Amino acid sequence: MTTFETIITEQRGRVGIITLNRPKALNALNSQLMAEVVSAAQAYDTDPSVGAIVITGSERAFAAGADIKEMSEKTYVDMLSEDFFSAWGHLVEVRTPVIAAVAGFALGGGCELAMMCDIIIAAENAVFGQPEINLGVIPGIGGSQRLTRAIGKAKAMDMVLTGRRMKVEEAERAGLVSRVVPTESYLDDAIAVATTISELSLPITILAKQAVNRSQEVSLAEGILFERRVFHSTFATDDQTEGMAAFVEKRDANFSHR
Ligand SMILES: CC(C)=CC(=O)SCCNC(=O)CCNC(=O)[C@H](O)C(C)(C)COP(=O)(O)OP(=O)(O)OC[C@H]1O[C@@H](n2cnc3c(N)ncnc32)[C@H](O)[C@@H]1OP(=O)(O)O
């Protein structure tokens, strides 16, 4: 068993849950916390008993950003030689579907962490923003890129250049979040979505995630070819045989994740 200091991990059924646990600092993301998040996510990713991962914070803050106090001590050469923030990118290499359950502040690195996940389930009190401009810096964990892809250049420019915060209704309209749910139940709602995914075929959910993610990287023609080849490959799985047989026989599918 791995003991973490700044996160709590728990498995419920086939769902692995990672809870950020720096409440006094509103879950500010320091290097240790992010290393622990990546390590926990990688461990769940290689565990066949886990079919979906949920990353969450507290009702007050998903995460109020990268840790400003940690960064304030650093020089340009520190940042360059440490390649600061590069290690956080390993989270997007996780193949198992990852859901962000966001309540309260999701600012700066908090918003960027949510955007590294595959689905964002947001509580009614969630607030998103990229306020780095107020600190004399710019987003550094993908915010200028992923936010622009998620909500378009017009709104992303507005957010990044003014540092303004976006309430959840606007975030949903803009396409940043997948679902808005009551604050009282946001974590249960996110776990329910994760449970649904985790009970489907794991190899097929991995392929589905890869296909959607490919659309962010390549041309439409290349993406469609990639999708078709991956679709063909699903016919090499037991779960394709089972899923289609279950439909024909009018029963629930019993996926073996093979
Ligand atoms: C630079 C890159 C690439 C990425 C970034 O993420 S930069 C950071 C972006 N985030 C921000 O600028 C938000 C900073 N935080 C705030 O503006 C406020 O804390 C707030 C609006 C989220 C909440 O304000 P509130 O008055 O309710 O609470 P505070 O007293 O301000 O905070 C409580 C406690 O948490 C510490 N805190 C909050 N955010 C951070 C952070 N990003 N880094 C480090 N520490 C943070 C805050 O200092 C306070 O702790 P102390 O009382 O011990 O100072």
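Observations
- Residue ranges of strands (runs of 3 or more DSSP E) in region 1-117 with at least 2 members touching a Leu at 6+ places or on another chain (Cβ under 9 Å) and touching a residue at least 24 places away in the same chain (Cβ under 8 Å): 15-20, 52-56, 61-63, 98-102, 105-107
Yes/no per residue for (1) touching a Gly at 6+ places or on another chain (Cβ under 7 Å); (2) outside the structural domain of Asn213 (by the TED database); (3) within 19 Å of Ser72 (Cβ to Cβ); (4) more than 16 Å from the ligand (Cβ to nearest atom):
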{"residue": "Asn125", "(1), (2), (3), (4)": "yes, yes, no, no"}
{"residue": "Phe128", "(1), (2), (3), (4)": "no, yes, no, no"}
{"residue": "Glu132", "(1), (2), (3), (4)": "yes, yes, yes, no"}
{"residue": "Gly142", "(1), (2), (3), (4)": "no, yes, no, no"}
{"residue": "Arg146", "(1), (2), (3), (4)": "no, yes, no, no"}
{"residue": "Arg149", "(1), (2), (3), (4)": "no, yes, no, yes"}
{"residue": "Lys155", "(1), (2), (3), (4)": "no, yes, no, yes"}
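- Residue in region 25-38 that is under 17 Å from the mean Cα position of the chain (by Cα), open to solvent by 40 Å² or more (accessible area, probe 1.4 Å), at pLDDT 95 or above and closer than 22 Å to Glu124 by Cα present: no
- If the condition is being more than 14 Å from Lys209 (Cα to Cα) and in contact (Cβ under 8 Å) with a residue 24 or more places away in the chain, then region 220-241 contributes Ser233, Thr237, Asp239, Gln240.
- A search for C-beta distances below 9 Å between a residue of region 139-157 that is touching a residue at least 12 places away in the same chain (Cβ under 8 Å) and any residue that is among the hydroxyl-bearing types (Ser, Thr, Tyr) and within 13 Å of the ligand (Cβ to nearest atom), counting only pairs 6+ apart in sequence or on different chains, returns Ala156/Ser144.
- Boolean, Ile121 is assigned by the TED database to the domain that holds Pro182 and assigned to a strand (DSSP E or B): yes
- Filter pass, Ala87 being open to solvent by less than 30 Å² (accessible area, probe 1.4 Å) and assigned by the TED database to the domain that holds Glu132: no
- Of the residues making up region 176-185, those that are closer than 14 Å to Gly129 by Cα and surrounded by fewer than 16 Cβ atoms within 10 Å (Cβ to Cβ) number 0.
- For region 187-205, the criterion of being within 16 Å of the ligand (Cβ to nearest atom), open to solvent by less than 30 Å² (accessible area, probe 1.4 Å) and part of a helix (DSSP H, G or I) is met by no residue.
- In region 46-80, the qualifying residues are those that are among the small types (Gly, Ala, Ser) and within 12 Å of the ligand (Cβ to nearest atom), and the one that is surrounded by the most Cβ atoms within 10 Å (Cβ to Cβ) is Ala63.
- Boolean, Glu222 is among the acidic types (Asp, Glu), open to solvent by 90 Å² or more (accessible area, probe 1.4 Å), touching a Lys or Arg at 6+ places or on another chain (Cβ under 9 Å) and at pLDDT 95 or above: yes
- Any hit, region 130-137, residues being open to solvent by 60 Å² or more (accessible area, probe 1.4 Å) and within 15 Å of the chain's Cα centre (by Cα): no
- Residues being small (Gly, Ala, Ser) and in contact with a Cys (Cβ under 7 Å, 6 or more places away or on another chain) - total across region 100-133: 2
The values are calculated or read from the model by the stated rules, or taken from the named source; none is laboratory data. Predicted, not measured: the structure shown is a model, and the values here were computed from it. Note that each Cβ is placed from the backbone with ideal geometry, even for glycine, and that neighbours are counted across all protein chains shown. Protein only, heavy atoms only, side chains kept; ligands, DNA and RNA dropped before computing areas. Shrake-Rupley method; radii C 1.70, N 1.55, O 1.52, S 1.80 Å.
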